């Protein structure tokens with residue numbers, strides 16, 4: 001695991017500028033938290049490659065860049081190539097020789113054999129940059145699901161790239177300015193979907209995409225997409241469960257390869273429990289598991305993690321925290337989260353990562369299971385929404401929705417009033433809009449009230465247009481599979497995996513996701529929809545595949561999520577911070593939001609007449625980012641690694 005950065009001149013004949021190596025080093029310094037174990041630099045005509053290394057495999061000789069035999073192909077890698085040993089054997093049979101035992105070194109040799117088609121052979125999580133000195137060609141690539149980030153932009157005839165935006169901001173050609181269209185996306189989705197970033201001129205390379213620069217021309221194109229077409233003949237449920245078990249077991253086995261201590265993040269849900277059980281079976285040593293617990297019962301899942309750990313016989317570690325302590329960390333997020341991100345589970349994910357890093361350097365997690373096997377309640381919610389839409393509109397607007405508005409406002413995790421209010425807000429819309437209203441924050445109507453006329457006039461109001469275009473690429477006509485396809489490309493890639501990457505890398509912890517082995521995902525997508533959402537049973541085939549490994553209560557538990565008491569925090573611990581950052585004077589000065597509307601949201605939430613936690617948290621996270629990266633960008637020098 002590493003952080004990577006560098007540049008390539010559009011004119012590949014451009015010699016290195018004076019101080020180029022010093023500048024590259026300064027950019028690498030912005031991501032020491034991603035790689036505290038070493039630095040590698042290459043500066044040459046037309047190109048510069050830099051990286052920070054978190055040593056996981058081949059601790060002694062695994063430095064980067066890695067080269068081909070004649071040193072005409074150089075690669076820097078962030079991530080892991082899990083099938084590197086198999087690839088190495090094949091490459092050695094083809095006559096290639098290796099200088100190290102690292103996974104990175106297979107990439108230049110694989111490129112020599114296959115060119116950009118090398119990506120078809122990789123099983124891993126990665127973002128890498130490859131320089132072909134003979135062709136004066138730069139190749140950037142991200143893994144199939146977007147586990148590892150990569151940002152890029154063209155400034156002063158130079159293509160710059162980096163693992164995080166704050167690294168690009170160390171380059172004097174890059175200025176920190178707000179992209180208003182990206183802001184609208186953020187307000188709706190809780191994150192900025194690729195290819196946009198929150199910064200004007202900086203782009204995200206989407207998951208499963210490559211970028212090439214050759215002869216001054218830049219091309220981005222996809223190399224893979226998950227296909228939702230039911231495979232014929234359809235396997236029986238028993239055969240499908242058995243094959244899924246085999247694929248998951250092999251994926252876990254591959255992700256246990258490490259030259260440093262390793263463990264599993266365990267919540268007690270079916271996904272992390274399945275990974276833990278398979279790790280126990282594959283490991284010759286006791287498996288370490290990690291969880292955190294909260295004093296607030298509606299947000300605490302630790303009893304389930306303890307029960308699973310006891311059942312499987314793991315070496316379990318738990319840290320008990322007060323949610324008040326977690327709230328105290330919120331103000332620091334803006335100094336290291338260099339795009340606004342309003343998924344509150346970032347906070348406990350960071351705390352779990354920090355605790356886990358005290359014991360191990362690598363951890364396996366259960367991310368991806370919900371998207372691949374239809375674990376979210378929103379999937380069955382679409383069926384209920386279609387039923388709800390059949391009720392006459394006058395009855396919905398005149399009776400049902402006013403009654404929902406009378407429900408007592410609660411601050412507990414996933415309270416009835418909150419779920420009912422979100423359901424009716426989304427139910428009246430088309431499936432794409434509905435789905436993202438349920439997942440996200442500000443509806444299109446709410447954005448009309450929130451944003452100033454200048455922002456509304458200068459941006460495109462079709463917020464879900466890209467999502468609808470993605471939907472057209474899905475082979476399935478089943479609404480659940482269509483939403484799974486969107487969630488894999490949007491929510492998983494841009495929310496879940498971004499959260500895990502930033503929270504874990506902030507403390508130099510590598511997190512691996514066995515569910516995101518492309519063989520597992522492709523098999524899941526090839527199964528009939530009923531194998532995933534079976535009536536009201538979510539993750540049906542997955543639960544059947546691992547039923548013999550886990551205690552029975554795991555399969556019976558509903559989806560809970562990694563929550564924190566945001567609604568309560570905004571009334572108590574975070575009230576001074578929120579009132580300061582969202583004060584009318586400050587909001588008016590920025591000229592983006594309607595200050596009267598923001599104040600009304602705060603007043604209604606604090607009085608308990610409405611639960612605006614999603615909206616206010618989204619605004620607070622934006623303002624924390626804005627303060628750190630737009631108003632006072634000097635704060636980006638702060639290193640998370642320096643804080644305990």
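The values are calculated or read from the model by the stated rules, or taken from the named source; none is laboratory data. From a predicted model like this one, the values you see are computed outputs, not experimental measurements. We place every Cβ from the backbone using ideal geometry, glycine too, and count neighbours over all the protein chains shown.
In the list 486, 414, 450, 406, which residue meets the criterion of being on the phi > 0 side of the Ramachandran plot and either modelled with pLDDT under 85 or buried (at least 17 other Cβ atoms within 10 Å of the Cβ) (or both)? I'd like the intermediate steps shown before the answer.
On the way: 486 fails: on the phi > 0 side of the Ramachandran plot; 450 fails: on the phi > 0 side of the Ramachandran plot; 406 fails: on the phi > 0 side of the Ramachandran plot.
The match here is 414.
Going residue by residue through the stretch 324-343, is there one that turns out to be closer than 25 Å to residue 556 by Cα and not in a helix (DSSP H, G or I)?
No, the stretch 324-343 has no match at all.
I need the full set of residues from the stretch 533-547 which are surrounded by fewer than 21 Cβ atoms within 10 Å (Cβ to Cβ), more than 17 Å from residue 243 (Cβ to Cβ) and in contact with a helix residue (DSSP H, G or I) (Cβ under 7 Å, 6 or more places away or on another chain), in order please.
Hits for the stretch 533-547 are 534, 536.
Tell me the residue from 96, 22 that is at pLDDT 95 or above, surrounded by fewer than 20 Cβ atoms within 10 Å (Cβ to Cβ) and under 25 Å from residue 213 (Cα atoms), please.
22
Here are the criteria: (1) in contact with a strand residue (DSSP E or B) (Cβ under 9 Å, 6 or more places away or on another chain); (2) over 23 Å from residue 475 (Cα atoms). Tell me which single one residue 239 does not satisfy.
The failed condition is (1).
If residue 103 satisfies every condition in (1) more than 25 Å from residue 251 (Cβ to Cβ); (2) touching a helix residue (DSSP H, G or I) at 6+ places or on another chain (Cβ under 6 Å); (3) in a loop (DSSP other than H, G, I, E, B) but one, which is the exception?
(1)
Quick check: is even one residue across the stretch 325-346 more than 23 Å from the chain's Cα centre (by Cα) and either buried (at least 18 other Cβ atoms within 10 Å of the Cβ) or within 12 Å of residue 292 (Cβ to Cβ) (or both)?
Filtering the stretch 325-346 down to residues more than 23 Å from the chain's Cα centre (by Cα) leaves 325, 328.
Those still in the list that are either buried (at least 18 other Cβ atoms within 10 Å of the Cβ) or within 12 Å of residue 292 (Cβ to Cβ) (or both) too: 325.
Within the stretch 325-346, one or more residues are more than 23 Å from the chain's Cα centre (by Cα) and either buried (at least 18 other Cβ atoms within 10 Å of the Cβ) or within 12 Å of residue 292 (Cβ to Cβ) (or both).
How many residues are outside any helix (DSSP H, G or I) and touching a helix residue (DSSP H, G or I) at 6+ places or on another chain (Cβ under 7 Å) when one looks only at the stretch 592-626?
Result for the stretch 592-626: 6.
Please go through the stretch 461-476 and give me each residue that is exposed (fewer than 15 other Cβ atoms within 10 Å of the Cβ) and in contact with a helix residue (DSSP H, G or I) (Cβ under 6 Å, 6 or more places away or on another chain), ordered by number.
468
If you check 497, 516, 509, which single one turns out to be within 11 Å of the chain's Cα centre (by Cα) and under 30 Å from residue 33 (Cα atoms)?
The conditions single out 497.
Can you tell me which residue is nearest to the chain's Cα centre (by Cα) among those in the stretch 1-35 that are within 11 Å of residue 163 (Cβ to Cβ) and part of a loop (DSSP other than H, G, I, E, B)?
1
Return the residues of the stretch 244-300 that are under 18 Å from residue 369 (Cα atoms) and surrounded by fewer than 16 Cβ atoms within 10 Å (Cβ to Cβ); say none if nothing qualifies.
246
Residues checked against (1) farther than 22 Å from residue 7 by Cα; (2) in contact (Cβ under 8 Å) with a residue 12 or more places away in the chain; (3) touching a strand residue (DSSP E or B) at 6+ places or on another chain (Cβ under 9 Å):
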residue	(1), (2), (3)
64	no, yes, yes
72	no, yes, yes
76	no, yes, yes
82	yes, yes, yes
97	yes, yes, no
104	no, yes, yes
114	yes, no, no
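Would you call residue 40 surrounded by 15 or more Cβ atoms within 10 Å (Cβ to Cβ) and touching a residue at least 60 places away in the same chain (Cβ under 8 Å)?
No; evaluated as a whole, the condition is false for this residue.
I'm trying to understand the selection: among the residues of the stretch 136-171, which are over 24 Å from the mean Cα position of the chain (by Cα), in a loop (DSSP other than H, G, I, E, B) and touching a residue at least 60 places away in the same chain (Cβ under 8 Å)?
Once the filter is applied, which keeps residues that are over 24 Å from the mean Cα position of the chain (by Cα), in a loop (DSSP other than H, G, I, E, B) and touching a residue at least 60 places away in the same chain (Cβ under 8 Å), the stretch 136-171 yields 136, 157, 171.
Between a first residue in the stretch 285-314 that is at pLDDT below 90 and a second residue that is part of a strand (DSSP E or B) and crowded, with 21+ Cβ neighbours inside 10 Å, which pairs have beta carbons less than 6 Å apart while being 6 or more apart in sequence or on different chains?
300/294; 302/291
Looking only at the stretch 306-324, decide whether some residue is in the same structural domain as residue 269 (by TED's automatic domain parsing) and under 18 Å from the mean Cα position of the chain (by Cα).
no
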